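Single-structure report; data block below.
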Amino acid sequence: MNIALDRDKPIPLARQIQAHLERLIRERLLAPGMKLPATRELAHSLGVNRGTVAEAYEELVAAGWARAHVGQGTFVTESPGAPGASEPRRTSGGLPSVDGDLAAPAPLAPAPLDWPALLSRSAQIIAAEDERARTLVSAATSNPAVISFAGGMPDSGLFPTDAFRRVLNQVIRDEGASLLQYYPAGGYPPLRRYLSTYLLRFGLEARPEEILIVNGSQQGFDLIARTLIDQGDTVAIEQPTYPRALQVFRSFGAQLAPVPWDAVGPRVEVFERLLERHAPKLFYCQPSAHNPTGLTLLPETGRRLLEVAVRHHVPIVEDGFDGSLYYGARPAVPLKAADVHGVVIYIGTFSKILFPGLRLGWVVGAPPILERLQAAKQLADLHTSALIQAAVHRFCERRLLDRHAARVAREYARRRALLLTALKRRMPAEVTWTEPQGGFSLLLTLPPGLDATELLPAAIERGVAFTPGAPFFMDGAGAGTLRLSFSSVAAGRIDEGVRRLGETIKAARPRPRGRGRLEPATVPVV
């Protein structure tokens, strides 16, 4: 324990030690029940007589901050200052009194550093957005009786934890010595070779040297932004979109230009006009299992997007979703699969199909950009955990991932079907929604005049939660939308949750409207 003692002050050293320990106890830095260092040990580290420390401890005990046990030591009391441990005696100068003597006044502590004032502009923006998100999440999850459609994440109850634990133990036994050392930034070679084959099943051809292992897709966004974007650059980005992508690009000073989705994907004519007028550095999109809508762009739309990007020499950052989680005849083919000109940077992850907590993803790109991304990764974190990479590789190599993916895909498809059925039964006629072709969520559009953020407290009061749609949009759009995620809601609670949501919407409508035929759902074009 380090206690700064000032031997030039008139305050006795025992009192300085006592005051320091008292402050640590009061601020809970020394927790109730914690054993204080032995007097001999602390005296040696401070360079004082053992009797000086013993005197300080005796005063802590007398004042109720500590309790002494013969042969065991001195411990912080369970309730400092409680009855049985008298309130610490104070002097006018603020330090405890010893033997009735008055201690010299303690010097005024300097004001704490104002960290919020030191934050960069981008960090302040992100902090404000995160605070709003935390408030919503807290409200949605604090009550277990609330049925929450707010979490766009896999169901942890479906995780194959026992199977993964076994392969992890095997990998530690077989390769632990090398895997627990520093490792090349590019990634675990057997995993890169496996991914090269794994991606082929979705039509994406990538050699192992064209794959960079990263700490989840979020690091992929960050490395791409760090490598390509300068302050003031324009980034074209689909709307609605993944909020964390918005935050990353904004944090590097990018100006965001939205390209709205419709029923077939990002609107190509808007994309081309934007390229002609603003010359953006890149275009970010989620062609399959789009978050928040669950939609997938049509192949023709993808072909046209690629043609425009090639013509204008603008890279496309494709946020890919695992093709195993689809709800149709066949999985969508990534844009990268048709990219013969090398303009697409593809980001993939195991977070949705396996364990989000592993933080394991990959970036596929042309060698010139992949080389620079790897250099940026080395600066950021040196490398992704080789141990985790090796364990995931062995898990996949033994076809455990394939069996797990087939099982969870069936369950998520069942929950999706239950949600769509419940929406058709329970929602007012003015409400529309997208029908997800992949992923975990859909986007619902409220009747005119309703704001999802304002509706959320009333919904939680009725026992249901959702994610307001505004964070998925730019420039204040999307207020009348909300995201419903079905992946982590138990199948038996989905209909009841939708019933509660329907009642909340009906109660909040400005005025009743006539029931008409429900038109096919579309994403609002803003």
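Read-outs: derived from the displayed coordinates by stated rules, not from any lab. Fair warning: this is a prediction, and the values are worked out from it, not measured in the lab. Backbone-built Cβ (ideal geometry, glycine too); neighbour counts: all protein chains shown.
For Leu274, Leu400, Leu191, what's the fewest-to-most ordering of other Cβ within 10 Å of each Cβ?
Ordered from fewest to most neighbouring Cβ atoms within 10 Å, Leu274, Leu400, Leu191 come out as Leu400, Leu274, Leu191.
Determine, from the Cβ-Cβ distance of Ala111 and Thr227 and an R0 of 35 Å, the FRET efficiency 1/(1 + (r/R0)^6), rounded to the nearest 0.05.
The pair Ala111/Thr227 has a calculated efficiency of 0.30.
With a ≥ b ≥ c the root eigenvalues of the C-alpha gyration tensor of region 159-402, is it rounded (a/c under 1.5), prolate (a/b larger than b/c) or oblate?
Since a/c reaches 1.5 and a/b is larger than b/c, the shape of region 159-402 is classed as prolate.
How much FRET efficiency would the formula 1/(1 + (r/R0)^6) give for Leu200 and Ala279, where r is the Cβ-Cβ distance and R0 is 35 Å, rounded to 0.05?
0.50
At a 10 Å Cβ-Cβ cut-off, how would you order Arg40, Arg226, fewest neighbours first?
Least crowded to most crowded, the residues run Arg40, Arg226.
Using helices alone, I'd like the mean residue ellipticity at 222 nm for the chain: each DSSP H run of four-plus residues gives -39500 (n - 2.57), total over residue count, nearest 500.
-13500 deg cm²/dmol
7 Å from Cα along Cα→Cβ at both Arg398 and Thr453: what's the point-to-point distance in nm?
4.8
Work from the charge dipole of region 159-402 (Cβ charges, +1 for Lys and Arg, -1 for Asp and Glu, about the Cα centre) and give the residue of Ala263, Leu180, Ala225 farthest towards its positive end.
Leu180
Provide the gained length on full extension for the span Arg303 to Glu27, in nm with one decimal, where the gain is 0.36 nm per separating residue minus the Cα-Cα distance.
93.2 nm
Sequence gap of 8 or more, or different chains, plus Cα separation below 28 Å: how many lysine pairs satisfy both in the chain?
Total qualifying Lys-Lys pairs in the chain comes to 7.
Among Lys281, Lys424, Lys377, Lys506, rank each residue by its count of other Cβ atoms within 10 Å, from fewest to most, as a rough exposure measure.
Exposure proxy ranking, most exposed first: Lys424, Lys506, Lys281, Lys377.
For Cα Rg over 2.2 N^0.38 Å, one of (1) 1.12; (2) 1.03; (3) 1.24 was computed from the structure I shared and the rest are decoys. Which label?
Evaluating Cα Rg over 2.2 N^0.38 Å on these atoms matches (3).
Work out the FRET efficiency for Arg509 and Thr421 from their Cβ-Cβ distance, taking R0 = 30 Å, and round it to the nearest 0.05. Mind showing how you got there, number by number?
Working: r = 23 Å, r/R0 = 0.75.
So the FRET efficiency works out to roughly 0.85.
Would you mind pulling out the separation of the Cα centroids of region 26-40 and region 213-246, in Å?
Measuring centre to centre over Cα atoms gives 46 Å.
Have a look at the DSSP beta bridges in the chain and tell me what percent are antiparallel, nearest 5.
Expressed as a percentage, antiparallel bridges in the chain total about 60.
At what distance in nm do the modelled label points of Arg40 and Ala405 sit from each other, each positioned 7 Å from its Cα along Cα→Cβ?
So the two model labels end up 6.3 nm from each other.
Under a point spin-label approximation (7 Å from Cα along Cα-to-Cβ), what is the Ala429-Asp6 distance to one decimal in nm?
Rounded to a tenth, the inter-label distance reads 7.9 nm.
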